[in-house]
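Read the structure below first, then the notes.
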Amino acid sequence: MREKRKSSLSTTIGDRIIQFNKELQYNGTLPEGFAVLNPYLDNPETIEVMAAFYHKYYNDNDSRRFIIGINPSRHGAGVTGVPFTDTKHLENDCGIPMLSARTHEVSSVFVYDMITQYGGVATFYKNFYINSPFPLAIVRKTPQGTWLNANYYDDINLFAMTKDYMIASLKKHIALGLDTSEVYILGKKNAIFLEKLNKEASLFKKMIVLEHPRYIEQYKSKEKQLYVDKFVKVLAAKSIQFDKV
């Protein structure tokens, strides 16, 4: 049997995630040309669909393993409030329509193909929780005046200014009731910076690095199935160990 979190809390892990998201804000400084998007303030429906998702798939107190991305995309969790989930996959795979927006996000295509092979959304989300060290979308202004997705590590000053906030956020994620003996890091560069955070704050015992879904979709699309197989094998390994206990 897989491990369960023994908790005296009357709330579920889903309740705690929803509350965490509702309280999200970033009041720190940013380098010139960067901005933070908070979907929970920008679109009231985001809170509704996010809450529906976590009530549906996290309505328990079971311990889950942590998959750590970079920071949300403005077309994925930056709209839906659910990491690596655009509105199309939220509706088609999770059965939760979003009426006020319609988005397509590259990374979510890989993630949901992988989730399907893993065993489907109910099985996957019963075992895993996905989020990021910086849980809000970051955008950067181009010389032409348009805004593009940015990563927290794209600028050394951005990382320095957000480092303490990210450590605090990761501690809050862990406090939801996550298994930190092994965590899965999406993106090799992401892993370099998370190692710095982990060295300072001692958050995780072991970090397993996987390729970022966006990288796979954009640069390794012809080999995509190999990566899907790899993800499923790596993520299923510990579940098999639990079943043998």
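Looking at the chain as a GNM with Cα springs under 10 Å, which of LYS230, LYS88, LYS205 has the largest mean-square fluctuation?
Maximum fluctuation in the GNM of the chain, among the listed residues, is at LYS205.
What are the lysines whose alpha-carbon lies under 22 Å from the alpha-carbon of LYS88, with same-chain residues fewer than 8 places away excluded?
Within reach: LYS56, LYS126, LYS224.
Accessible area per residue for the chain in Å², computed with a 1.4 Å probe and the full protein assembly in place, what is it?
Per-residue value: 48 Å².
Go through the range 197-202 residue by residue and turn each phi into a ³J(HN,Hα) via Karplus (6.51, -1.76, 1.60, θ = phi - 60°); whole Hz please, and just put x for glycine and proline.
Karplus values, whole Hz, x for Gly and Pro: 5, 5, 5, 7, 10, 6.
Roughly speaking, what is the stretch gain from ASN157 to SER10, that is 0.36 nm per residue apart minus the C-alpha to C-alpha distance, in nm to one decimal?
Extending this stretch completely gives an extra 48.8 nm.
So what's the back-of-envelope 222 nm ellipticity for the chain, counting only DSSP H runs of four-plus at -39500 (n - 2.57) apiece and dividing by all residues, rounded to 500?
-15000 deg cm²/dmol
Taking amide hydrogens as modeled 1.01 Å from N in the peptide plane, which residues meet the under 5 Å criterion relative to ILE185, leaving out close sequence neighbours?
ILE68, ILE208, VAL209, LEU210
Over the alpha carbons of the chain, what is the largest minus smallest coordinate on each principal axis, giving the biggest first in Å?
Projected onto its principal axes, the Cα set of the chain covers 56, 43, 41 Å.
Enter the mean projected area of the convex hull around the alpha-carbon atoms of the range 94-151, in nm², rounded to one decimal.
Averaged projected area of the range 94-151's Cα convex hull equals 5.7 nm².
Under unit Cβ charges (Lys, Arg +1; Asp, Glu -1), what dipole magnitude, rounded to 20 debye, does the chain have relative to its Cα centre?
Here the size comes out at about 700 debye.
For the range 33-90, what is the convex hull (Cα atoms) projected area averaged across all directions, in square nanometres?
Average projection, Cα convex hull of the range 33-90: 4.8 nm².
Once every Cα of the range 30-176 carries one equal point scatterer and solvent is ignored, give the base-10 log of I(q)/I(0) from the Debye formula at q = 0.19 Å⁻¹, two decimals.
Taking Cα atoms of the range 30-176 as identical point scatterers yields -1.22.
Subtract the Cα-Cα distance of ILE47 and GLU182 from 0.36 nm times their separation in residues, and report this length gain in nm to one decimal.
45.6 nm
Using r as the Cβ-Cβ distance of ASN27 and GLN218, and R0 as 30 Å, what FRET efficiency do you calculate, to the nearest 0.05?
Computed FRET efficiency for ASN27 and GLN218 comes out at 0.35.
Tell me, what % of the accessible area of the range 53-132 is carbon and sulfur with a 1.4 angstrom probe?
51 percent
Could you pull out every residue, at least 5 positions away or on a different chain, whose amide H is within less than 5 Å of the one on ASP179? Hs are placed 1.01 Å off N in the peptide plane, and Pro or chain starts have none.
Amide H neighbours of ASP179: ARG64, ARG65, PHE66.
So what's the gap between the Cα centers of the range 30-91 and the range 145-210, to the nearest angstrom?
Answer, in whole Å: 16.
For the range 126-245, what Kirkwood radius comes out of the mean inverse Cα-Cα distance, in Å?
It is 16.2 Å.
Picking from VAL183, PRO135, ASN149, whose Cα lies most toward the positive end of the charge dipole for the range 123-245 (charges on Cβ: Lys, Arg +1; Asp, Glu -1)?
Among VAL183, PRO135, ASN149, the one farthest towards the positive end of the dipole of the range 123-245 is VAL183.
Considering all projection directions equally, how large on average is the shadow of the alpha-carbon convex hull of the range 176-242, in square nanometres?
That works out to 5.3 nm², a quarter of the Cα hull's surface.
Using C-alpha positions alone, give me the convex hull volume of the range 1-113 per residue in cubic angstrom.
136 Å³
Under 10 Å, Cα contacts only: if you run a Gaussian network model on the chain, which one of PHE34, PHE134, PHE110 comes out with the highest mean-square fluctuation?
Result for the chain, Cα springs under 10 Å: PHE34 fluctuates most.
If you stretched the chain out fully between ALA236 and SER202, how much longer would it get, using 0.36 nm times the residue separation minus the C-alpha to C-alpha distance?
9.7 nm
The values are calculated or read from the model by the stated rules, or taken from the named source; none is laboratory data. These figures come from a predicted structure and were not determined experimentally. All Cβ positions, glycine included, derive from the backbone under ideal geometry; neighbour counts span all protein chains shown. Heavy atoms of the whole protein, side chains included, go into the accessibility calculation; ligands, DNA and RNA do not. Shrake-Rupley method; radii C 1.70, N 1.55, O 1.52, S 1.80 Å.
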